[in-house]
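Notes to accompany the following structure.
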Amino acid sequence: MTALSGKRILLVIGGGIAAYKSLDLIRRLRERGASVRCVLTNGAQQFITPLAASALTGQRSHTELFDREDEADIGHIRLARDADLVVVAPATANLMAKMAGGHADDLASTVLLATTLPILIAPAMNVRMWLHPATQRNLKALEDDGVHVVGPNDGAMAEVEFGPGRMAEPLEIVASAERLLAPSGPLAGKHVIVTSGPTHEPIDPVRYIANRSSGKQGHAIAKAAAEAGARVTLISGPVTLPDPSGVTTVHVESAREMLQAVEMALPADIGIFAAAVADWRVANAGEQKIKKKDGALPNLSLTENPDILATISHLTENRPPLMVGFAAETEHVIEHAKQKLAKKGCDLIVANDVSAAAGVMGGDSNKVHLVTASDVETWPTLAKTDVATRLVERLGAMVGDAKP
Ligand code: C5P
């Protein structure tokens, strides 16, 4: 487990001879559990090919600003957003100048201008170019903009000159990336498992039984826990939401798959089970689409699904020390939540009123009560994202208190 596990790195490769070292950098980043996506400038492609980068990243490399396939597929704005860190290696004098000046005339510079992610640059150029006042001015401007810099190192250069300008070694760049991504916050060093969304229980290959759930609350909790420094595994049923950044998301369909994914993700310090799991599945699900026959109804026989929260809360080995369940109720909210706390064996129930009048289902706000064995606390109506942040803060205090 390193600070890079599960992190997404966008690696922008500039046009310098050090580009060959970026191929090694990809390997080093991936060895530490990061996924890497590459953007190559035109200059970079004089030294290495997009194919070599793709072979090492396992993902398509990107080169063109106006690429019809790309714009329909991920596009430069998504490239600029769907990562945890942008690394520019090698950062050539030209690329640094473009970044400092805010130019956007190719894919690399456009992505760098469009991103709000942290940026780490590894400059590499001829010693005279590095020492030139223009480059030093650009360096200062970039540092003032919050760009992080690693290297360059002193040493022999390709042009048989000596001095600063050699790109930092891949392992030095990795170490800087790790420092930038090292978790901090109330949940630093904790592993949190979150379940979210509905489950789909097949009737046949095209039909299913499901509960209503957008996954908004569970996904917001996963994101808030990651922002609080936790390593988060989000186990999500089918939802239309994007995977939250900085979170390892496992996609499942059915309750049984969700339970298996939770078991695989253990051990954890906190389990937050916000998924709306279907209580039943069809025991005699059809392998082929069930045909409509005149007047005859299919004979579906239902069987109970495993209760994931109760199963994990009752584990004798590997039980996360803090288990949190949700209770969506339409009446007697607190009373039912107390019963659920005891029945499921969890430590905290976040109870909410999902009666039509409350308008919580699929909406962006939530009104919750925190129910423990000894206490009930009612929060005002809050945005689901605020419920998530406050809940994570509270859980941070609870695991903090539980420490010896
Ligand atoms: O019993 P009920 O579905 O109301 O309980 C809600 C809580 O239990 C939620 O935290 C939900 O994620 C969890 N649950 C579960 N597995 C089930 C049913 C509910 O984990 N099969």
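Projecting the Cα atoms of 381, 325, 252 onto the dipole axis of the chain, where Lys and Arg carry +1 and Asp and Glu carry -1 at the beta carbon, places 252 farthest toward the positive end.
The sum of -39500 (n - 2.57) across all DSSP H runs of n ≥ 4, divided by the residue count of the chain, sets its helix-only mean residue ellipticity at 222 nm to -10000 deg cm²/dmol. Histogrammed with a bin width of 5 Å, the alpha carbon distances of the range 191-401 distribute as 1, 7, 15, 19, 20, 16, 9, 5, 3, 2, 1, 0, 0 percent, first bin at zero. Near residue 87, the amide H atoms lying under 5 Å from its own belong to 10, 11, 12, 120; only residues 5 or more places off or on other chains count, and H is placed 1.01 Å from N. A DSSP coil position with no more than 10 other Cβ atoms inside 10 Å describes the following GluC sites (Glu not before Pro) in the range 213-292: 287. Using 0.36 nm per residue and subtracting the Cα-Cα separation, the extra length available between residue 45 and residue 132 on full extension is 28.8 nm.
By other beta-carbon atoms within 10 Å, ranking 292, 98 with the fewest at the front produces 292, 98.
With the simple spin-label model, which puts each label point 7 Å out from Cα in the Cβ direction, the residue 302 to residue 32 separation comes to 5.0 nm.
Computed from backbone phi, the HN-Hα couplings of the range 144-150 come to 5, 7, x, 6, 8, 10, 10 Hz, rounded to whole numbers (Karplus: 6.51 cos²θ - 1.76 cosθ + 1.60, θ = phi - 60°; Gly and Pro given as x). Taking the Cα atoms of the chain, the ratio Rg/Rh between the radius of gyration and the Kirkwood radius comes to 1.07.
The calculated FRET efficiency for the pair residue 364 and residue 156, based on their C-beta separation and a Förster distance of 41 Å, comes to about 0.10.
Stick to Cα atoms and the Kirkwood definition of Rh, then tell me Rg/Rh for the range 8-181.
Reported Rg/Rh, Kirkwood definition of Rh: 0.94.
Measuring r between the beta carbons of residue 339 and residue 264 and using R0 = 30 Å, the FRET efficiency lands at 0.50. Label zone (residue 398, point 7 Å along Cα-to-C-beta; backbone nitrogen cut-off 17 Å) within the range 312-326: 312-315, 319-326.
Extension gain, residue 5-residue 66: 0.36 nm per intervening residue step, less the Cα-Cα distance, totals 18.8 nm.
Counting only residues at least eight positions apart within a chain, or on another chain, the lysines with an alpha carbon under 24 Å from that of residue 190 are 7, 216, 223, 344, 384, 403. Taking 7 Å steps out from each Cα toward its Cβ at residue 355 and residue 55 produces label points 6.6 nm apart. Within the shell defined by Cβ-Cβ distances under 11 Å, the residues around residue 181 carry a net charge of +2, with Lys and Arg each +1 and Asp and Glu each -1. Applying 1/(1 + (r/R0)^6) with r as the Cβ-Cβ distance of residue 143 and residue 104 and R0 = 22 angstrom yields a FRET efficiency of 0.60. Spin-label model, residue 315/residue 204: points 7 Å from Cα along the beta carbon direction are separated by 3.8 nm.
A short reminder: the numbers here are calculations on the coordinates, not readings from a lab. Just so it is clear, the model here is predicted, and its values are computed rather than measured. Because the Cβ atoms are built from the backbone with ideal geometry, glycine has one as well, and the counts that use them run over all protein chains shown.
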